[in-house]
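Here the structure is laid out as structure tokens; the discussion comes afterwards.
The values are calculated or read from the model by the stated rules, or taken from the named source; none is laboratory data. Since this is a predicted model, take the numbers as computed values, not measurements. Please note: Cβ atoms are built from the backbone with ideal geometry, for glycine as well, and neighbour counts cover all protein chains shown.
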Amino acid sequence: MYQTDIIILFIAFFFLFFFVCILLFISFLISPRLKNNEKITAYECGFNPFEDTRSSFEVHFYLVALLFLIFDLEIAFLLPWVIVFHILGFTIFWIISLFLLLLTLGFAYELFVGALDWD
């Protein structure tokens, strides 16, 4: 039973990989390759850039983005749990409570160290 399911899964992945490769190849073939001075500039808005486009960003921007991803994934993990909570019972409830407690402690630690301060 399980072996046939795994074989079907591998066949599906093979066809998916093959389909993606075909689509990439077709898009490479039909994409326009017109290169001129306007297309290779950094901006196409009609004026020259004021400074170098490779300026460095503050680390806080990256930190806030990472924190957003972490807490966004938290919601992604909670949604399936909410849907099947009535099947799994209270054991999973305590596990999810521990997960949320650890995330809350991590967020409190970030606030304590000042990782979110913009000074």
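Restricting attention to the stretch 21-36, the residues that are part of a helix (DSSP H, G or I) and not polar (S, T, N, Q) total 9. Looking only at residues in the stretch 69-115 that are among the aliphatic types (A, V, I, L, M) and not in a helix (DSSP H, G or I), the one that is modelled with the highest pLDDT is V84. Of these, F107, F77, which one is surrounded by 10 or more Cβ atoms within 10 Å (Cβ to Cβ), under 21 Å from V59 (Cβ atoms), out of contact with any helix residue (DSSP H, G or I) (no Cβ under 6 Å at 6 or more places or on another chain) and not hydroxyl-bearing (S, T, Y)? F107 is the lone residue from the list that is surrounded by 10 or more Cβ atoms within 10 Å (Cβ to Cβ), under 21 Å from V59 (Cβ atoms), out of contact with any helix residue (DSSP H, G or I) (no Cβ under 6 Å at 6 or more places or on another chain) and not hydroxyl-bearing (S, T, Y). Does F61 satisfy the criteria of being assigned to a helix (DSSP H, G or I), surrounded by 12 or more Cβ atoms within 10 Å (Cβ to Cβ) and at pLDDT 80 or above? Here the answer is no, as F61 does not meet what is asked.
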